[in-house]
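Taken together, the values in this text are just the output of simple stated rules run on the coordinates, not laboratory data. Here the structure is a predicted model, which is why all the values come from computation and not from measurement. Here Cβ is always computed from backbone atoms with ideal geometry, including for glycine, and neighbour counts include all displayed protein chains.
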Amino acid sequence: MSRRSVLAGLLLLVAAGCKAQTPPSALSGHQLDRRVELMVRSQYNVPQDYAVTVGQPGPSQISGYDTLPVTVGHGSHSSVVNFLLSKDGKTLARLETFDLDNNPALHIDIAGRPIRGNPQAKVTVINFDDLECPYCARMHESLFPATLDHYKNLVRFVYKDFPLTTIHPWAMHAAVDANCLAAQSGPVYWTYVDYLHAHGDEITGSDRNLLRSFAALDRIARQQAASGKLDAAKLDACLAKQDETNVKAETKQGDALGVDGTPALFINGERVSGVVPKDQLWMVIDRALRAAGEEPPANTPAQSQGQPGAGR
């Protein structure tokens, strides 16, 4: 039976939640509960608007493990799923085990990537992005400026390259050009990304001439560089080289995380796939802020914006 089938069956039941206590672990009870929640959400594809509450450990028949009830709920319906938690708080099990210390979603490499927002923020929104993807453009529009304005200094944003080259023929070239700009200026990188996501049809052109698309990407990159007073000769050399090494390395990172379409966001380890309504996106960010000890802004979006979707 699939994980989704197991979860669907469990959600038909109704059960009360329990309050967590501090387990015998180097982590605080709050930190351990968050790691358990992230693992359950990622492994069972729990929708963003479902609540996951970690209960109180109790005795089990498995040596070295306690029983750990986890309540999954939506609205008035909830269900308790019993997991096993090792005595040292490092392993979660339910027919299979998950290493809470080595969840790859918590260790995504963002070194050297341009940051938008507060570089010191405790919550990071990492987006595996395709600059030709129309769904990515819709997510980008939701993030900037609305989400950035809402959270201000509480959140930082990082984009990783994940061009879907089989369906988006100029996405790789766009990613390379964007990285050429990023090598000199993070702010100019972001203005280029903003422009491409807002003018995708212009780049594609009515005749879908790929060489013209490449020329347009280079021209726009040079225009952004001139506005930002970047080194034109250095940029030209980078554009001419079209080195795809870094882009392919980031795509490989996405593959290792199970990314199979764009946009794919990881918010302090919690995954959001495709375009989701803004209130659901903010729900995830609020959850990450509270887990990091920060209080989210009081106002929440009154209405959902955007429809579910994915680039692949």
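Tell me, what ³J(HN,Hα) does each residue in the stretch 189-205 have, in order and in whole Hz, if you take phi through Karplus 6.51 cos²θ - 1.76 cosθ + 1.60 with θ = phi - 60° and put x for Gly and Pro?
3, 5, 5, 5, 4, 4, 5, 4, 5, 8, 9, x, 5, 4, 5, 5, x
For the chain, how many pairs of lysine residues have a Cα-Cα distance under 26 Å, where the two are 8 or more positions apart or belong to different chains?
Final tally of qualifying lysine pairs is 19.
For Arg271, what residues show an amide H to amide H distance below 5 Å, using hydrogens built from the backbone and excluding near sequence neighbours?
Here the answer is none, since no amide H 5 or more places off falls under 5 Å of that of Arg271.
What order, most packed first, do the peptides 45-57, 108-120, 188-200 have when packing is the mean number of other Cβ atoms within 10 Å of each residue? Don't skip to the answer; put the middle values down first.
On the way: 45-57: 17.8, 108-120: 14.2, 188-200: 19.8.
Descending mean neighbour count gives 188-200, 45-57, 108-120.
What ranking do Cys238, Cys136 get, fewest neighbouring Cβ atoms within 10 angstrom at the top? The partial results should precede the final answer.
Numbers: Cys238 19, Cys136 32.
Ranked by crowding around the Cβ, least crowded first: Cys238, Cys136.
Pick the calculated Rg/Rh (Cα atoms, Kirkwood Rh) for this structure from [x] 1.05; [y] 0.94; [z] 1.03?
So the calculated entry is the one marked [z].
Using each residue's phi in the stretch 149-156, evaluate 6.51 cos²θ - 1.76 cosθ + 1.60 at θ = phi - 60° and report the 3J(HN,Hα) Karplus result to the nearest Hz, with x for Gly and Pro.
Values, residue by residue: 5, 5, 9, 6, 7, 7, 9, 10 Hz.
Once phi is turned into ³J(HN,Hα) by the Karplus curve 6.51 cos²θ - 1.76 cosθ + 1.60 with θ = phi - 60°, what whole-Hz value does each residue of the stretch 247-258 show in order, with x for glycine and proline?
For the stretch 247-258, the Karplus curve yields 5, 5, 5, 6, 4, 5, 4, x, 4, 5, 8, x Hz.
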